[in-house]
Structures are given as C-alpha cells and as structure tokens.
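The next block holds one structure in the form of structure tokens; read it before the comments.
Nothing in this text is a laboratory measurement; each read-out follows from the coordinates by a stated rule. The structure presented is a predicted model; accordingly, all values stated were derived computationally and were not measured. Counting neighbours? That spans all protein chains shown, and the Cβs are built from the backbone with ideal geometry, glycine included.
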Amino acid sequence: MGIFEKFKLGFKKSAESISTGLREIIIKKEIDDETLDKIEEFLVSSDVGIDSASEIREIIAQKKIDPKNSPFDEINNILKQYIVELMTPLEKNSFFDRKDKLNVTLISGVNGVGKTTSIGKIGKILKQNHNDVLFAACDTFRAAAIDQLEKWSEKIGATIVKSNPGSDPASVAFKALEESKKKNINQVLIDTAGRLQNKKNLMDEYKKIVNVISKLDNSAPHEIILVLDATSGQNVINQFEEFNKIIPITGLIMTKLDGTAKGGILVSISKKYKVPIIGLGLGEKEDDLQIFNAKKFADAFITF
Ligand SMILES: Nc1nc2c(ncn2[C@@H]2O[C@H](COP(=O)(O)OP(=O)(O)O)[C@@H](O)[C@H]2O)c(=O)[nH]1
Ligand SMILES: [Mg+2]
C-alpha cells in the first residue's frame, strides 16, 4: 500500500462522515441561507471549530456557484482549498532531517495519548534519515512505561537510557544527554509521564527536566512536541492550553486518526494556534506515523 492509500484509509471514518453529512445537506441547486446555516452547523459538529466553520460559510456565500456544476463538488473543493491554505504553513518536514548538531526533543501530553508509541515511530523515521537516536525513559512512574520504550528501542535500533521505576525523571534526562555526548548521538527523544491529575507536580517535573537539559546544552530542548489524541475531540484544546503554559509547544502530533470520525479537530487546532504539525498517527505500528502534509491531509479528509 502506498503512503497516500494508507493516509486515505486512516482518514476513512472522518472523510465518510464529512461526505455523507454534506450530501444530506446540499440537496438543492441553489445554496440559500438555510443551506449555508446547515453547512456551518455541520462543520461545527465535525469539530473543525466555530471560526473556521463561519469563515468557510462566508467563502461559500461569496462564491457564485455555477448552476451547471454540482454544488456538492464545488463546496467540497472550497473546503479542500481552505484546509490547504490554512495548514500548508504548518508543515515542518525539517523536523525529521538529519541534524549535524545535538537535537533534543521533549515529548509531552497526557496519559495514553500515544507519546511512547509516537517516539518509536519518530525514531524510525529519524534513523531512516541517517540520524543516531537515543530514547530517554523519563516516564519513571510505571515500570511498564520503561519496558514499553525499551521494546521500541530494540525494534528500531535506538539507544535507551533508563533508570529504576520511581527515580527522578530529570536525572534520567541528565544521564541521557551525557550519554548522547559521549556516544556522539545527535537525536535525543525524551519520553515523559503525563499525569495531569496532579498539575503542580507535572509542571514542576517538566520544568526540572528542561532546566537540567539546558544546563548541559543551553540551546536545548530544541523541540517541545505535544501529542494529542484525536478521539478526545474538543478536550485537545484544553490540553494544548495547559501544556503550552508550562513550556511553549513547538510542534504537534495528532494520534489515533485511524478509526475516529474526529479528524476535523486538526483543522480547529490549526486555526486556533497555528503551531506546526509534525506528524499524524494512523495506527499502532512502527510505520503508522505520517509526516504532515497539508495537501495530502486535505485530499484524504475531503473525499467525494
Ligand atoms: N489506533 C491507534 N492507536 C494508537 C496510536 N498511537 C498510539 N496508539 C495506542 O494508544 C495506546 C497508548 O499509547 P502510548 O504510546 O502508551 O501512550 P502514552 O501514555 O502517551 O505514552 C497504545 O495502545 C498505543 O498502541 C495511533 O495513532 N492509532
Ligand atoms: Mg508512555
């Protein structure tokens, strides 16, 4: 299966829900106010966000839809173009390039969103691009979390730095950076715990990790990637706000886009925060991270 087929398959549920929804609304040749209202409401219910939904409504209202063409096709094209224009500036393929200097990436996000899995997938692409990769097991809260990262390190051939469960995450980060310098490893990916139920602790833990890292290399951490789970719908907005307050987010990964009809949330978060999107999780396997491309996303999301 080619990369685009995989992409399309991953977005099948979202795309079907958009397509079916619009087909039910756009029944007249003439796009009147009532239809425009329904389209706007439908887009809001598809998680694309109130701002984008009302902008798209305006664009459709302004455009003289040629009665010779199918209004359904024209509206889908408008949607596609809107998404491409909004999201192309958020592409950041350079994240996966080979880096000549040490590059430290902190992976953040609440429990269960797919941080550890995404680290494995990112590591694989980084290795394909001729980087050396080290994983730092800084989610020391559960032994299983350390084991899980270790399995990923074996699978993709990355070095791992870990400590005993319960040990200080910042000290693991410190060891990881020392090890990367010693072994001349250019890419360090730091896995973290995401126990939002204790915000104060989480915040302190993050800050401590960042402090320790920046003491060893004052340009680090180079990236703070927030992992968001598409199935959480509008909750991702709160999560972004919370994490961005601790340390400004430099990139996003949205996971579990396979099997959910909530792909629209990616449009909403793009409109609201304009933060680069690094990749999209479309499954649990090592090759299931798609490097973000706005045109491909729009083509897979809007199929008609
Ligand atoms: N379907 C699907 N499952 C995913 C994806 N990313 C992660 N998962 C699964 O979500 C669960 C939690 O992932 P994990 O990486 O442990 O989350 P963490 O707690 O944030 O580190 C695991 O069962 C993963 O296999 C994805 O893109 N799609
Ligand atoms: Mg984890």
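Structural remarks
- Residues E34, E41, arranged from fewest to most other Cβ atoms within 10 angstrom of their Cβ, appear as E34, E41.
- For K215, a cut-off of 18 angstrom between C-alpha atoms picks up these aspartates and glutamates, skipping any fewer than 8 places away in its own chain: D168, E178, E179, D204, E205, E223.
- Looking at the chain, the DSSP beta bridges with both ends there are about 10 percent antiparallel.
- Listed by chain and number, the lysines whose alpha-carbon sits under 21 Å from that of K208, ignoring those within fewer than 8 places in the same chain, are K115, K162, K175, K181, K199, K200, K245.
- Cα-only Debye scattering, region 1-148: base-10 log of I(q)/I(0) at q = 0.14, 0.19 Å⁻¹: -0.86, -1.16
- Volume per residue that the Cα convex hull of the chain spans, once the total is divided by residue count, Å³: 124 Å³
- Farthest positive-ward along the chain dipole, Cα basis, beta-carbon charges - from N69, A220, G263: A220
- Ranking of D299, D147 by count of other Cβ atoms within 10 Å, fewest first: D147, D299
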